Amino acid sequence: MNDLLDMQIEHSTFVRAASEQVYDAFTTAEGLDGWFTQGASVDLQPGGEIRFRWVDWGPDRVTDEDGGLVLEARRPERFVFQWYPDNPAYPTTVEVDFQPAAGGTIIRLRERGYQDTPSGRKALINCVAGWGEALTLLKFYVEHGFRY
């Protein structure tokens, strides 16, 4: 097995909405399909599955699927899952915390577990940018109702 990179992705953003609303937008199929996916599914229990499905996504019109195990789901505080952004040989782990703050919620997202290989480093870089974009889309969806 290859060594893991000694780094993780970290993003935070503030959303002007209650933690329950932000949590549901990130952890339910209906919520995800509003701002990020088309045909997502989520079984919100440890050992359940999360599936992301994109159809003609973004400027390159990407159609793809990914997903993995739900490890933790504590509404409205924390959601942890695994998925396979590099290759199907190993998952990475995404931890998302929803922290109440004056006037809204702070989302803190961390992802770790990328392999120290050329494809692992490329996937890490792509997901650094991707998670920043995703949290911005989530913010606009929850605060302003903008839909994908």
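Between T28 and F140, the simple spin-label model (points 7 angstrom out along Cα→Cβ) gives 2.3 nm.
Legend: ranking of residues D116, D3, D86 from fewest to most surrounding C-beta atoms inside 10 Å; resulting order D3, D116, D86. Temperature 20 °C, viscosity 1.002 mPa s: under these conditions the Stokes-Einstein estimate for the range 44-110, based on its Kirkwood radius over C-alpha pairs, is 160 µm² per second.
Taking other Cβ atoms within 10 Å as a rough exposure proxy, S41, S19, S119 sort from fewest to most as S119, S41, S19.
Between rounded, prolate and oblate, where does the range 83-148 land on the alpha carbon gyration tensor, with a ≥ b ≥ c its root eigenvalues, rounded for a/c under 1.5, else prolate if a/b exceeds b/c? Here the range 83-148 falls in the prolate category.
In the elastic network of the chain, a GNM with C-alpha springs shorter than 10 Å, the most mobile of T93, T28, T63 is T63. Using only alpha-carbon positions, what ratio does the radius of gyration of the chain give when scaled by 2.2 N^0.38 Å? Here the answer is 1.00, to two decimals. Remark: the R74-V62 segment gains 1.2 nm on full extension, using 0.36 nm per residue and subtracting the alpha carbon distance. Taking the longest Cα principal axis of the chain as reference, the axis of helix 118-144 is set at about 10 degrees. In terms of surrounding Cβ atoms within a 10 Å radius of their Cβ, I106, I9, I125, I50 rank from fewest to most as I125, I106, I9, I50. Would you work out if the range 3-81 is rounded, prolate or oblate? Take a ≥ b ≥ c from the square roots of the eigenvalues of the alpha-carbon gyration tensor; rounded if a/c is under 1.5, else prolate when a/b is larger than b/c, oblate otherwise. It is rounded, given that a/c, with a ≥ b ≥ c, falls under 1.5. Taking a Cβ cut-off of under 12 Å around V94, the surrounding Lys, Arg, Asp and Glu residues balance to a net charge of -2, with basic ones at +1 and acidic ones at -1.
Bear in mind that the values in this text are calculations on the coordinates, not laboratory data. Note that this is a predicted model, so its numbers are computed, not measured. With ideal geometry, Cβ positions are generated from the backbone for all residues, glycine too; neighbour counts draw on all protein chains shown.
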